[in-house]
Amino acid sequence: MAEYHLAAPFREEEIRALSVGDTVYISGKAFTCRSRLHRYIFDEGHPLPGTASGRDLLIHVGPIMLREGEGWKLISFMPTSSIRFEKWGAASVRDWHLRMIIGKTTMGEETMREMADLGCVHVSPQSVSPNSWIDSIRVEGVDYYEELGSIEATWYMALDELGPFVVDIDCSGNNLYAMHEEEVDRKRAEVLEKLGIEQDFQYTKLY
């Protein structure tokens, strides 16, 4: 496992060099997306704003913003679960030319195949509350605010050494969560055997 300090826009070769378990700190320009924006673009036929189309770093987050004069102040930054967006995951990687997605949990097989083919990784916050990173984020603007509302709009951000993140999906098709699940299943089987409990043991349901 290695540590990297990367800046968006990314080079394909530096993204393909990442492996699951690596630690990443991220700088550069990003944009945000949640369910409503995915539906607005992929299901309802609206275009991705031009400002977003020049960025290859997507954050699955609905930030809390406070208007200050002509600009915005970031109040809360808590990335959400990426598996919620699996329906549009592969299309977003392909059509938006993404190199990195920031979110929580994981993504499905279809998105992982597209990420491996095109050179994109998924990273998750590592061992710290993302709200502690607010001072490392500058809000640059917003699109679809009136149409989708503050939480679901696409926000443009400039990041300065944001992190640490852990790479949980790499370009070789490795998935850190799947690896952990395999390890848990293996150890569970070992414990059941040691205790003389059948492998198909089920916990008692209370209700």
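Restricting the first residue to segment 104-115 and requiring it to be at pLDDT 95 or above, which pairs with a second residue that is part of a loop (DSSP other than H, G, I, E, B) meet a Cβ separation below 7 Å and a spacing of at least six or different chains?
Taking only residues 6 or more apart or on different chains, the pairs are Met112/Gly173; Met115/Cys171.
Is it the case that Gly108 is of a type in the set (Gly, Ala, Ser), within 24 Å of Arg11 (Cβ to Cβ), surrounded by 15 or more Cβ atoms within 10 Å (Cβ to Cβ) and under 16 Å from the mean Cα position of the chain (by Cα)?
Numbers: of a type in the set (Gly, Ala, Ser): yes; within 24 Å of Arg11 (Cβ to Cβ): no; surrounded by 15 or more Cβ atoms within 10 Å (Cβ to Cβ): yes; under 16 Å from the mean Cα position of the chain (by Cα): yes.
Taking the combined requirement at face value, the residue does not satisfy it.
Tell me which of these Gln126 doesn't satisfy, since it passes every other one: (1) surrounded by fewer than 16 Cβ atoms within 10 Å (Cβ to Cβ); (2) under 15 Å from the mean Cα position of the chain (by Cα); (3) at pLDDT 95 or above.
Among (1) surrounded by fewer than 16 Cβ atoms within 10 Å (Cβ to Cβ); (2) under 15 Å from the mean Cα position of the chain (by Cα); (3) at pLDDT 95 or above, the lone unmet condition for Gln126 is (3).
Which of (1) at pLDDT 95 or above; (2) touching a Leu at 6+ places or on another chain (Cβ under 9 Å); (3) aromatic (Phe, Trp, Tyr) is the odd one out, the single condition Trp133 does not satisfy?
Condition (1) is where Trp133 drops out.
Are any residues in segment 18-60 loosely packed, with under 15 Cβ neighbours inside 10 Å, of a type outside the set (S, T, N, Q) and either free of Cβ contacts under 8 Å to residues at least 60 places away in the same chain or under 24 Å from Glu140 (Cα atoms) (or both), and if so, which ones?
Let us first name the residues in segment 18-60 that are loosely packed, with under 15 Cβ neighbours inside 10 Å, namely 21, 43-47, 50, 53-54.
In the following step, the residues that additionally are of a type outside the set (S, T, N, Q) were identified as 21, 43-47, 50, 54.
Asp43, Glu44, Gly45, His46, Pro47, Gly50, Gly54 - these are the residues of segment 18-60 that are loosely packed, with under 15 Cβ neighbours inside 10 Å, of a type outside the set (S, T, N, Q) and either free of Cβ contacts under 8 Å to residues at least 60 places away in the same chain or under 24 Å from Glu140 (Cα atoms) (or both).
Can you tell me which residue within segment 118-149, out of those that are assigned to a helix (DSSP H, G or I) and of a type in the set (D, E, K, R), is farthest from Arg94 (Cα to Cα)? So that I can check it myself, show each step before the final result.
Initial filter on segment 118-149 (assigned to a helix (DSSP H, G or I)): 118, 130-136, 145-148.
Okay, now just the ones that are also of a type in the set (D, E, K, R), so 135, 146-147.
Working: Asp135: 31, Glu146: 27, Glu147: 25 Å.
Per the stated criteria, the residue is Asp135.
Do we find that Glu152 is touching a Lys or Arg at 6+ places or on another chain (Cβ under 8 Å), farther than 26 Å from Gly21 by Cβ, touching a residue at least 24 places away in the same chain (Cβ under 8 Å) and not in a strand (DSSP E or B) in this structure? Show your work before the answer.
Working: touching a Lys or Arg at 6+ places or on another chain (Cβ under 8 Å): yes; farther than 26 Å from Gly21 by Cβ: yes; touching a residue at least 24 places away in the same chain (Cβ under 8 Å): yes; not in a strand (DSSP E or B): yes.
The answer is yes for Glu152.
Within segment 66-79, how many residues turn out to be surrounded by 15 or more Cβ atoms within 10 Å (Cβ to Cβ) and touching a helix residue (DSSP H, G or I) at 6+ places or on another chain (Cβ under 9 Å)? Talk me through it step by step, then tell me what you get.
Here is the first cut: in segment 66-79, the residues surrounded by 15 or more Cβ atoms within 10 Å (Cβ to Cβ) are 72, 74, 77, 79.
Filter once more, keeping what is touching a helix residue (DSSP H, G or I) at 6+ places or on another chain (Cβ under 9 Å): 74, 77, 79.
Of the residues in segment 66-79, 3 are surrounded by 15 or more Cβ atoms within 10 Å (Cβ to Cβ) and touching a helix residue (DSSP H, G or I) at 6+ places or on another chain (Cβ under 9 Å).
The values are calculated or read from the model by the stated rules, or taken from the named source; none is laboratory data. This structure is a prediction, so every number in the text was calculated from the model and none was measured. Don't worry about glycine lacking a Cβ; one is built from the backbone with ideal geometry, like all the others, and counts go over all protein chains shown.
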